[in-house]
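Single-structure report; data block below.
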Amino acid sequence: MAFPLQEYIASLDSACLPRILQVCSGVYFQGSVYEISGNEVCFSTGDIIKVTDIELSSVCCEDVSSCETFELPINHTGLLKVIPEETPYSTVEELVKLRPVGFESSLPVTFTIRSKMTLADVTLGAGTVLTLLSVVEKEERCRCRIHRDPGQASAEVDVPLGTRGEFYVHEGEERFTPRQIVTSAHLRSQRFRFDNAAMCQRALILSPVYQMCAIMNLRKNTLRFPSTLAVDVVDITDTCDVSFVTPLSLPEIHSQPDQTFPVVVEVLEGPESRSMFKCSWLPQLQKGTQLIFHRKTTSPMTVMSSVKSRKAQKFFLVSTQYAGRFRRRPRGFDSAYELYVASAQTPGLRVSATRNCEEVEEEGLPGLSVGERLEVIGCQKVQLPCGQMDAVICYRLRDADDEGDSEDDDEDGDAKQKDQIYLPLYMQCHFVELLSDNKKYTLNDLGPKAPLDVKAVSRDPELENDPLVGFPCLRIEGATLEPTIQASFLHTPNLCFEIPTQRVCMTVYCTQQPLPWPPNQATKCSVERVTEVTDRFLHEFQKEALPVTRPPPRPPKRNLSAPTPNRSLLTKEFGNMTIKNRRSSSPLPATQATASNHQPPPPPLAPRRSSTLHASMQRATPNTYVGVERGKTFQKFAENVPTIGSVSEDAAENSDDEYEQVEDILEGTLKKAQESIMFC
């Protein structure tokens, strides 16, 4: 049978908890479940709720006349009085037994007789006021006192409980707190008003408001909601066969004590489709899949990536238990800033230049040649021609022969100072790392230094297919501590893999299913040591694990306010420059100079055709043009230009005057040639 939630909870004894309820009808506001300040305000029809605890939180007061409601705290100290019912009692026994509180505690009770009543020794008229003093249940009678007018003596009479009539109860002197009213089933059915005249004097009905604690199937958190929720519920405690499970995330599983493991779990919600991992076990983690969680641990792991090439770049998360061997590969650097970052991880870094670098004096950039070797010492602020800035300090490494020559040349013993150079951090240069060893290393031998370029030269013998072997170069991006859970599928309990709890988002619940091996006998597991990940994992790792380094500085800005050289002045100054031991040309013959000023006559003009439509109109004067024999003109120009072979050695003494004459001839010839070409 369905009951309103408020009515059901009010009649529920807390000693019989927990109870399982099913929602028969609910109030819908754009969804099945709403929350306000962390409290549930609505359920869907058919939801199953397991009530685990109830707590009296407040008192709801409803105005009888206007149906308005307000709440009072449960510890409110105000007192309220019972408002007598307007409906009369038909017998004295009814008046006694239907009192809202225990009769003995509410004595005396005053009531009025509305009709004439005849007793054994006295007759009471209509309107007589009686005060009930005591009840003798065995004799089925009560003792009452008769109210008389002032000056008259009062009297007491015995009234049988079965006496019939119309009896109206007067307002009593009892006062009750809100907690007393809502905790009594008799008082909750009465109307009240506040005893204090300053408070509300309207008739009120008081009802309790409970804060309920409950759980729902496949919901993680404990629900807390008020009993005033407008839903109808049915108690299905005796017939419900639903098992209430608590979903747990992987970090919550990892926080469980060690005694919890091993345990069989079932997947409630699998990982998201866009996961950070590309491995064989990830697609199998679907809803309903059962797993064995063997143990929890915090595993040191190394993040590696293949160097970009024609093949797709791959990324790996490698356990430190990986038994393969590596050889170091030289790293490449494309700027002085990359040298600075690498030298912080690798003290005493030595590199060799792979490209020439031109020297720029105004910016303090040194010149480097291919094959030149440097040893990186550190980084500090230095004063360069373009200002004070950070620079990488390097020493030039010399061969044995070069070192002997430098000792002879540097008599003052300052050779070390000459070999020191400064590379500003913004400088673009190309280097390759110099390596002197050919050893084989394990991941533990390489240590936390990153980035490092290595090559897998021997596979892990415990791995059937080692994915790291075959790459020409692998880069160690860094190391991390990952909280993991060692897991395996139920059908292959000995093939384990490690699930990083912070990287895989999924929910499971612990089942009561037994483990697939005899009790107190643990199975031997082989753990997967290399897990392929995506570039998204690498980006997240770089943001979280690696230290934040400042970006490389920008090169100094050019001084745009500096005056630009005037080309006209340079041209004019060039004519006044003297060249040491220069040769001057001999003057041109007079006939050639005169002929250079002669211009051929223009060709005859051809008459323009007349228009048949405008024959009567005056013809316009045709445009004239100058015809030039371009070939002849340039031939004369070439004849007037002196050649180096025509300059004699004897003319060197008078070269100044002759040189000015040649300039005048050249200037005049060029000017006339340009004018002739413009009119062609």
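Tabulated data for the structure shown
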quantity	calculated
Unmet requirement for residue 299, which otherwise passes all of (1) in the same structural domain as residue 474 (by TED's automatic domain parsing); (2) small (Gly, Ala, Ser); (3) free of Cβ contacts under 8 Å to residues at least 12 places away in the same chain	(3)
Selection within segment 513-531 - over 15 Å from residue 293 (Cβ atoms) and in contact with a strand residue (DSSP E or B) (Cβ under 6 Å, 6 or more places away or on another chain)	528, 529, 530, 531
Condition broken by residue 465, with the remaining ones in (1) assigned by TED's automatic domain parsing to the domain that holds residue 281; (2) in contact (Cβ under 8 Å) with a residue 60 or more places away in the chain; (3) outside any strand (DSSP E or B); (4) over 21 Å from the mean Cα position of the chain (by Cα) satisfied	(2)
Qualifying residue in segment 475-482 (condition: touching a Leu at 6+ places or on another chain (Cβ under 6 Å), farther than 30 Å from residue 260 by Cβ and assigned by TED's automatic domain parsing to the domain that holds residue 292)	yes
Restricting segment 180-190 to residues that are buried (at least 17 other Cβ atoms within 10 Å of the Cβ) and not in a loop (DSSP other than H, G, I, E, B), the residue that is nearest to the chain's Cα centre (by Cα)	182
Meets criteria (surrounded by fewer than 17 Cβ atoms within 10 Å (Cβ to Cβ) and of a type in the set (Phe, Trp, Tyr)) for residue 277	no
Top-ranked residue of segment 207-253 - restricted to ones that are among the hydroxyl-bearing types (Ser, Thr, Tyr) and not in a loop (DSSP other than H, G, I, E, B), ranked as nearest to the chain's Cα centre (by Cα)	249
From 188, 175, 193, 164, residue being at pLDDT 85 or above, out of contact with any His (no Cβ under 6 Å at 6 or more places or on another chain), closer than 27 Å to residue 11 by Cα and charged (D, E, K, R)	193
Subset of segment 313-362 [part of a helix (DSSP H, G or I), surrounded by 17 or more Cβ atoms within 10 Å (Cβ to Cβ) and of a type outside the set (A, V, I, L, M)]	337, 338, 340, 343
Some residue of segment 444-456 being modelled with pLDDT under 85, in a loop (DSSP other than H, G, I, E, B) and touching a Phe, Trp or Tyr at 6+ places or on another chain (Cβ under 6 Å)	no
Residue match in segment 141-151 (condition: touching a Lys or Arg at 6+ places or on another chain (Cβ under 8 Å) and surrounded by fewer than 17 Cβ atoms within 10 Å (Cβ to Cβ))	no
Strands (runs of 3 or more DSSP E) within segment 36-127 that include 3 or more residues modelled with pLDDT of 80 or more and of a type in the set (Asp, Glu)	48-63
Count of segment 328-351 residues which are among the small types (Gly, Ala, Ser) and farther than 25 Å from residue 445 by Cβ	2
Within segment 495-515, considering residues that are more than 23 Å from residue 275 (Cβ to Cβ) and loosely packed, with under 15 Cβ neighbours inside 10 Å, the one modelled with the lowest pLDDT	512
Residue in segment 215-227 that is in contact with a Leu (Cβ under 7 Å, 6 or more places away or on another chain), crowded, with 17+ Cβ neighbours inside 10 Å and not aliphatic (A, V, I, L, M) present	yes
Odd one out for residue 151, checked against (1) on the phi > 0 side of the Ramachandran plot; (2) modelled with pLDDT of 85 or more	(2)
Among residues of segment 460-478, those that are over 30 Å from residue 355 (Cα atoms) and surrounded by fewer than 18 Cβ atoms within 10 Å (Cβ to Cβ), counted	7
Residue match in segment 254-265 (condition: part of a loop (DSSP other than H, G, I, E, B), in the same structural domain as residue 491 (by TED's automatic domain parsing) and under 28 Å from the mean Cα position of the chain (by Cα))	yes
Every residue from segment 238-261 that is out of contact with any Leu (no Cβ under 6 Å at 6 or more places or on another chain) and surrounded by 14 or more Cβ atoms within 10 Å (Cβ to Cβ)	240, 244, 245, 246, 248, 249, 250, 252, 253, 254, 256, 261
Meets criteria (at pLDDT below 90, closer than 18 Å to residue 451 by Cβ and not polar (S, T, N, Q)) for residue 385	no
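Condition check ((1) hydrophobic (A, V, I, L, M, F, W, C); (2) free of Cβ contacts under 8 Å to residues at least 40 places away in the same chain; (3) under 23 Å from residue 478 (Cα atoms); (4) not assigned by TED's automatic domain parsing to the domain that holds residue 452) across all residues:
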site	(1), (2), (3), (4)
347	no, yes, yes, yes
353	yes, no, no, yes
360	yes, yes, no, yes
370	yes, yes, no, yes
375	no, yes, no, yes
381	no, yes, no, yes
387	no, no, no, yes
393	yes, yes, no, yes
398	no, yes, no, yes
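Matching residues to (1) farther than 30 Å from residue 333 by Cα; (2) modelled with pLDDT under 90; (3) aliphatic (A, V, I, L, M):
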| residue | (1), (2), (3) |
| --- | --- |
| 517 | yes, yes, no |
| 521 | yes, yes, no |
| 548 | no, yes, yes |
| 552 | no, yes, no |
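The values are calculated or read from the model by the stated rules, or taken from the named source; none is laboratory data. Everything quoted here is computed from the prediction, not taken from an experiment. Neighbour counts are summed over all protein chains in view; Cβ atoms, including those assigned to glycine, are modelled from backbone coordinates with ideal geometry.
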